[in-house]
Amino acid sequence: MSLNSFGHLFRVTTWGESHGPALGATVDGCPPGVPIEAEALQHWLDRRKPGQNKYTTQRREPDAVEILSGVFEGQSTGTPIQLMIRNTDQRSKDYGDIAQTFRPGHADITYWQKYGIRDYRGGGRSSARETAARVAAGGVARAALDAMVPGLKITGYMVQMGPYGVDRTQLEMAEIERNPFWTPDAGAAAQWAEYLDELRKSGESVGAVIEVTASGLPAGLGAPVYGKLDTDLAAAMMSINAVKGVEIGDGMASAALTGSANADEITMGPNGPDYSSNHAGGILGGISTGQDVVVRFAVKPTSSILTPRASITKSGAPIEVVTKGRHDPCVGIRAVPVGEAMMACVLLDHLLLHRGQVGEGLRGKIG
C-alpha cells in the first residue's frame, strides 16, 4: 500500500523518522528543465527549522537538504528527485521513560494498536519532524510553478493563537517576516508573545490557525466531483501532523450566511470576469475561479507537555505521564511554511492535470 505518497502527476513520497539517521522525500513528476538548486530549497527549509527563537523547540537541526538524484547541471531531468535531510541533534534518551507508555494526545496508542510496534523516540513517523521533507518537496513545486505560472504567489501566515485572533483591519503583509509568529498583525504578535511566554514557562502548549493564500492562479484548475481542487487542498492540509480542521474560503462561517450574502456576484472586467467578493475562497465546483485561493487549517496544541496527564501502559496499568524532551509550545508557528509547501505541491499537481486534459489556457471563452 502506497500510503506515504500524495499527488497524481506531481507525486511526493516522504520517508524517515524523527530520530532516525535521516528523512526526506522522493519527488516524481517534476517537469524537466526546471531550475533547481539546493540553496533555493534551503531557503524554505530555513523558515521551518527548529531552534530559531524561544517560541519553538530548542532541538538544533540545520535541516540541510541534499539532492541525490533527478537534477543535472542545475535543472530537473524529469526523473525522480531524491531529497535527503540528515538528523543531527536527536536525544533519544529523553523518550526512554515512555517506551511502555502511551502519551495522551499522541499517536502512540493508535500506532501500537494498528502495527503492534512503534518508534517511541520522538514519535517516529508521527512526529512533526516529518514535515521538513514536505517543505523540501514544496521547494521543488515552487520552482516549477515559478517557471510555468510567473507571478503566482503563495503566502502563509498565522491568524489565531489560542483564543486570540488577528484584527483583519490591521493586516500588513510585510509584517509577516518581522515577527516570530508569521502574522501580518503586529498587535497580535505582541499579544501572542506575552501569552505564549506564560504558557511556555508553565509547561503548557496551545493551538493555532494558519491561513494560506495563492494569488495569480489561473482559472480552470481542478475537476468536478472527485478531482476537486479544494478536495485535494483539504486532504493535503489535513495530512499535516497535528491538523484537526480545514476551511476553504469562508468555510464553517458560510453556514451562518444567506444565499444572497454568500454568492460572489460577477461582473465583466477589462481582463475577464470580476467578482465582488471571495466567500468561495477562489474555488467553485472544485475548479479555480482565478481569484485568490484561500485555505485555513487548525493546529491542535502540542501534546508533549510537562503538565501531568493520566494514561495507561501497554499492560493496561494506570500511569501519570509527563513528557520530557524539547517541544514547541505552539507547533502552529512552524506549520506556516508547511502549509505553503502543501499548497505549492497541490497547485502544481492540478496545473499538470489541467494541461494534460485540456491543454494550455481555457476552452470556454467569456466576452
Mind ordering 28-36, 341-349, 307-315 by average Cβ neighbours within 10 Å, highest first?
341-349, 28-36, 307-315
To the nearest 0.05, what FRET efficiency results for Ala22 and Thr77 with a Förster distance of 25 Å applied to their C-beta separation?
0.65
Greater than 26 Å separation of Cα atoms is the criterion. Which listed pairs, Lys49/Lys201; Lys114/Lys201; Lys114/Lys300; Lys49/Lys300, meet it?
Lys114/Lys201
What distance in nm lies between label points placed 7 Å from Cα along the C-beta direction at Ser2 and Glu194?
5.2
One finds, for Gln170 and Thr88 with R0 = 25 angstrom and r their Cβ-Cβ distance, a FRET efficiency to the nearest 0.05 of 0.05
Across the Cα atoms of the stretch 228-367, what radius of gyration and what greatest pairwise Cα-Cα distance (Dmax) are found, in Å?
21.0, 71
Value at 222 nm in deg cm²/dmol, rounded to 500, when DSSP H runs of n ≥ 4 in the chain each add -39,500 (n - 2.57):
-8000 deg cm²/dmol
Using DSSP to define loop residues, name the trypsin sites (Lys or Arg not before Pro) in the stretch 165-262 whose beta-carbon has at most 12 other beta-carbon atoms within 10 Å.
Arg168
Hey, what's the chain come to in accessible area per residue, 1.4 Å probe, Å²?
47
Taking Lys and Arg as +1 and Asp and Glu as -1, residues besides Glu340 with C-beta under 9 Å from its C-beta add up to +2
Taking the Cα centre of the chain as origin and charging only Cβ (+1 Lys, Arg; -1 Asp, Glu), how large is the dipole, in debye to the nearest 20?
1200
On Cα atoms only, tilt of 186-201 relative to the major axis of the chain in degrees
20
Carbon and sulfur: what percent of the chain's accessible surface (1.4 Å probe)?
54
Within 10 Å, at most 14 other Cβ atoms, and a DSSP state outside H, G, I, E, B define an exposed site. Report the longest part of the chain free of exposed GluC sites (Glu not before Pro).
74-171
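The values are calculated or read from the model by the stated rules, or taken from the named source; none is laboratory data. Everything numeric in this text was worked out from a predicted model, so none of it was measured. All Cβ positions, glycine included, derive from the backbone under ideal geometry; neighbour counts span all protein chains shown. Accessible surface is based on the protein model in full, side chains and every heavy atom, while ligands, DNA and RNA are left aside. Shrake-Rupley method; radii C 1.70, N 1.55, O 1.52, S 1.80 Å.
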